[in-house]
Amino acid sequence: MSTLSNATNIFWQDCQLGKPERQKLLNQKGCVVWITGLSGSGKSTLACSLSSELHSRGKLSYILDGDNLRHGLNKDLGFKPEDRTENIRRTGEVAKLFADAGLICVASLISPYRRDRDTCRAMLPDANFIEVYMNMPLSLCEARDPKGLYKLARAGKIKGFTGIDDPYEPPLNCEIEIKEDDGDCPTPKVMAGQVVTYLEEKGFLEC
Ligand SMILES: Nc1ncnc2c1ncn2[C@@H]1O[C@H](COP(=O)(O)OS(=O)(=O)O)[C@@H](OP(=O)(O)O)[C@H]1O
Ligand SMILES: Nc1ncnc2c1ncn2[C@@H]1O[C@H](COP(=O)(O)OP(=O)(O)O)[C@@H](O)[C@H]1O
């Protein structure tokens, strides 16, 4: 296996113990559950609820949350389009490593640009990238506004805020869509259940 790189004279190092052995140990299949949506749409809530649900079934997961990664790995990045693209690329690479480790990696980032999400999808064997779209109306996200950021964005105090003066491109081909039912948002447990059912049906929760 080889990867493209700007550096020269580097070689891929293989090890006999690989992903199949790790998956067998964990009795699950490594994959990436990529949650995308507006700020306030419930990405982190779903990520936590899903991780708890998997834990209670004896399945190992790990959350990569956009906000949290921006405190460390991605602390040098802002919200300009090229920074968001690099944010998603790095996170995609880390998620790929977690999936290779055999874990169910739950990435929750706005990831507003379709092309960037598709780049992450292309890093993995196709079925191993599960895109979950939090299809919540902007009006709901704005009404929630738990961090007061929409208010600041509306007041012009934050520039380039997703959904206000920066674009969000909804997925065209996501595996799972979470949306309101008759005007009601499903509970975190119900949202997590929708994803767990998908993982179960596709055989990710056994090896
Ligand atoms: N300009 C602007 N646009 C959108 N979001 C902003 C912005 N500035 C700060 N924040 C806060 O940063 C969180 C989003 O980080 P992400 O890494 O997920 O964003 S991105 O995927 O790179 O677009 C996001 O967290 P969530 O609300 O959890 O989505 C916001 O709290
Ligand atoms: N399914 C839900 N039902 C009710 N409230 C929710 C639900 N999902 C999220 N929330 C609330 O909405 C707000 C934003 O959720 P959060 O998970 O932080 O969104 P995001 O990570 O997309 O910014 C939080 O106050 C959270 O408690």
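If I go through the stretch 87-102 residue by residue, how many of them are in contact with an Asp or Glu (Cβ under 9 Å, 6 or more places away or on another chain) and open to solvent by 50 Å² or more (accessible area, probe 1.4 Å)? Reasoning before the result, please.
Going residue by residue through the stretch 87-102, those that are in contact with an Asp or Glu (Cβ under 9 Å, 6 or more places away or on another chain) are 87-89, 92, 102.
Right, trim to open to solvent by 50 Å² or more (accessible area, probe 1.4 Å) and you get 89.
Residues in the stretch 87-102 being in contact with an Asp or Glu (Cβ under 9 Å, 6 or more places away or on another chain) and open to solvent by 50 Å² or more (accessible area, probe 1.4 Å): 1 in total.
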Are any residues in the stretch 114-131 outside any strand (DSSP E or B), of a type outside the set (Lys, Arg), open to solvent by less than 30 Å² (accessible area, probe 1.4 Å) and touching a residue at least 40 places away in the same chain (Cβ under 8 Å), and if so, which ones? Cys120, Leu124, Asn128
Filter result (open to solvent by 20 Å² or more (accessible area, probe 1.4 Å) and in contact with a strand residue (DSSP E or B) (Cβ under 9 Å, 6 or more places away or on another chain)) within the stretch 25-37: Lys29
Provide a single number: the residues in the stretch 47-67 that are in contact with a helix residue (DSSP H, G or I) (Cβ under 8 Å, 6 or more places away or on another chain), within 16 Å of ligand 1 (Cβ to nearest atom) and among the polar types (S, T, N, Q). 1
Given the criteria near ligand 1 (Cβ under 9 Å from one of its atoms) and either more than 23 Å from Val33 (Cα to Cα) or surrounded by fewer than 16 Cβ atoms within 10 Å (Cβ to Cβ) (or both), does Gly78 qualify? yes
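Kindly indicate the residue of the stretch 156-207 that is of a type in the set (Ser, Thr, Tyr) and in contact with a Ser or Thr (Cβ under 8 Å, 6 or more places away or on another chain) and also surrounded by the fewest Cβ atoms within 10 Å (Cβ to Cβ) among those meeting that condition. Reasoning before the result, please.
Residues of the stretch 156-207 of a type in the set (Ser, Thr, Tyr): 162, 168, 187, 197-198.
Filter once more, so that each one left must be in contact with a Ser or Thr (Cβ under 8 Å, 6 or more places away or on another chain): 162, 168.
Details: Thr162: 21, Tyr168: 18.
Checked the stretch 156-207; the qualifying residue surrounded by the fewest Cβ atoms within 10 Å (Cβ to Cβ) is Tyr168.
Is there a residue being away from ligand 1 (no atom under 16 Å from the Cβ) and open to solvent by less than 20 Å² (accessible area, probe 1.4 Å) anywhere in the stretch 38-46?
Quick first cut of the stretch 38-46, residues away from ligand 1 (no atom under 16 Å from the Cβ) only: none.
Scanning the stretch 38-46 turns up no residue that is away from ligand 1 (no atom under 16 Å from the Cβ) and open to solvent by less than 20 Å² (accessible area, probe 1.4 Å).
The values are calculated or read from the model by the stated rules, or taken from the named source; none is laboratory data. Keep in mind it's a predicted model, so treat the numbers as computed, not measured. Note that each Cβ is placed from the backbone with ideal geometry, even for glycine, and that neighbours are counted across all protein chains shown. Ligands, DNA and RNA are excluded from the accessible area calculation, which covers all protein heavy atoms including side chains. Shrake-Rupley method; radii C 1.70, N 1.55, O 1.52, S 1.80 Å.
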